[in-house]
Each structure stands twice: as structure tokens, then as C-alpha cells.
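Throughout, read-outs are computed from the coordinates displayed, never taken from laboratory work. Because the structure is a prediction, the values reported are computed rather than measured. Backbone-built Cβ (ideal geometry, glycine too); neighbour counts: all protein chains shown.
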Amino acid sequence: MTIIRVIDFETTGMEPPAEVCEVGMCDVDIDAKKVAHAQTWLCSVKEMPPEVRAVHHITMEDCAEWDAFDPGAMFKTPVDAVAAHNAEFEGRFFTSPVPMICTYKVALRVWPNAPSHSNGALRYWLEDQGLVTLDKTSAQPAHRAGPDAYVTAHILLALFDTGMTGREMVAITKQPRLLPTCPIGKFKGKPWSEVDAGFLGWMLRQPTMEEDLKWNARREIDSRGTGE
């Protein structure tokens, strides 16, 4: 039996010292292709800025009677791996004792032509193709940790159904995002093969350019065998 624990956090900001205010957790039995019921709980926090309340609608009053976030609470039973959609985000708030899988990075590789690779968009795109079937009540509301973990769990199973192995997914998670199209500038939305070499070189020279974008630019340059 291979159990992967899908997690999702709602937080008071994008990175520490922001805090986790809600944890969602949903186990997936990969061999049986079974998704368990999601578990979720709130965590006490020091503050809750209005801009984050506007996303998840969790208030200080909601969190008042709960304990502070304890990563150990997610591992009271053993699992083989942890998965999250955009695992880099969750990884800012704890150190996983087991390998991590980023369903976002893997989906970019497996389904490069999906209309979007967000959690919700992938859910509906896969549903339209009959590749996943979700309980609508369990999948709502969006932007809450339990429902989002439940949705990600089904995306994870769909990824395994393509023949991807857990070992391959862990390896992809450790690499930069492989973006199917250029996301910036005058070539935004264009396949990398259609981006001018001069623009790719410009990307590499920008000191503030996101490293994942530089990696994609370098990958395209190398594929052409022309150097920078």
C-alpha cells in the first residue's frame, strides 16, 4: 500500500513570518486508487490582514480557540510522500520528513496544453474529459484548505493514471517549472520555439528575472544549439 498525503495551507501571507491559519489533509491510496475524506483544522495566528481574509475569509475570531500550527500534527500516521499543488508554497512553512510531490510542476509536464494549471482549472478540465469524478460538496468552498486538498488529491490520482511514477514526480518537483509558453513580454503566450533568440538572451541578462524563467529561456537556447 502506497499512501500519499495531500496537504493544503491557508495562511496570513505568502511566506514566513506569515503563519498557517488552516491545514487541509487528504490521504490517497495510490494502489487502490482511493481518495479518503479530507481532514481540516484551523490554527491560531497573531494577525489576519484584510487582503488575505478576502481570499479565504478566515478571521481572527475563527482561529481564536485553536492551537498554533504544528507540522507534526500532519504526520501522526505514517505516509510514503506528501503532495501539494505548488508545493514550493507549503514548503515555506514546514520541512517535510518524507519526499514531496508538486502536482503543479508535474501537471505542467504531463498536460502542457491544459488551458490553465491552477488547482481549480485542472479539476474542471479533467472532469470535462471524464478523468476525475469529485463529490461537489467536498470540493467546496474553493480557497479553503480541506476542499483544495481534496481537489488536489484527485489531480494527483489522474497524474498517476497517465503512467507517471511517484519517483518521477518527486524528481520533477526538485526541478524548475517547465513552462509550455513564454509568460512575459511581447512573446507572452507564445511557445518557446517562437521566441526570438534576442529576447531569450535579454531574459538571461536581467538580474531580477525569476530563476525559473531564466531556466526555461536557457533550455530553449540550448535546444537550438546556438549558445546565448
Exercise. For Asp29 and Ala197, what is the calculated FRET efficiency with R₀ set at 30 Å and r taken between the beta-carbons, to the nearest 0.05?
Worked result: 0.05
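Assuming R0 = 22 Å, can you tell me the calculated FRET efficiency for the pair His37 and Asp128, based on Cβ-Cβ distance, to the nearest 0.05?
After rounding, the FRET efficiency stands at 0.35.
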Exercise. Applying 1/(1 + (r/R0)^6) with R0 = 22 Å to the Cβ-Cβ distance of Ser44 and Thr137, what FRET efficiency is obtained, to the nearest 0.05?
Worked result: 0.20
Exercise. Straight-line reach from Lys190: which aspartates and glutamates have a Cα under 15 Å away, not including same-chain ones fewer than 8 places off?
Worked result: Glu220
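For the chain, calculate the relative contact order in percent as a whole number, restricting contacts to Cα pairs under 8 Å that are 6 or more residues apart. Write out the running numbers ahead of the final one.
Details: 366 pairs, mean separation 43.6, N = 228.
For the chain, the relative contact order is 19 percent.
Taking a quarter of the surface of the Cα convex hull of the range 113-179, what do you get in nm²?
Working: hull surface 20.2 nm².
Hull-based average projected area comes out at 5.1 nm².
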For this session: Return the ratio Rg/(2.2 N^0.38 Å) for the range 185-224, where Rg is computed over Cα atoms only.
Result: 1.03
Exercise. Where a ≥ b ≥ c are the square roots of the eigenvalues of the C-alpha gyration tensor, would you call the range 1-87 rounded, which needs a/c under 1.5, or, failing that, prolate if a/b is larger than b/c, or oblate?
Worked result: prolate
Problem set entry | Highest-MSF residue in the chain out of Gln206, Gln140, Gln39 [GNM, Cα springs under 10 Å] | Gln206
Exercise. Are any of the pairs Lys136/Lys188; Lys46/Lys136; Lys33/Lys76 more than 25 Å apart by Cα-Cα distance, and if so, which?
Worked result: Lys136/Lys188; Lys46/Lys136
Problem set entry | Residues Met209, Met14, Met169 arranged by fewest to most Cβ contacts within 10 Å | Met14, Met209, Met169
Problem set entry | Long-range tail of P(r) for the range 1-50 (Cα pairs > 13 Å, %) | 62 percent
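Mind checking the range 1-100 for GluC sites (Glu not before Pro) that DSSP puts in a loop (not H, G, I, E or B) and that have at most 16 other Cβ atoms within 10 Å? Write out the running numbers ahead of the final one.
Numbers: sites: Glu10, Glu19, Glu22, Glu47, Glu51, Glu61, Glu65, Glu88, Glu90; in loops: Glu19, Glu47, Glu65.
Answer in residue order: Glu47, Glu65.
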Exercise. Projected area of the chain, taken from the Cα convex hull and averaged over every viewing direction, in nm²?
Worked result: 14.0 nm²
Seminar exercise, completed: Any helix of the chain counts here only if DSSP assigns it H throughout, its Cα atoms span 18 Å or more along the axis, and its mean Kyte-Doolittle hydropathy is at least -0.5, and such helices are 145-161
For this session: Just tell me which aspartates and glutamates come within less than 16 Å, Cα to Cα, of Lys186; anything on the same chain fewer than 8 places away is out.
Result: Glu194, Asp196
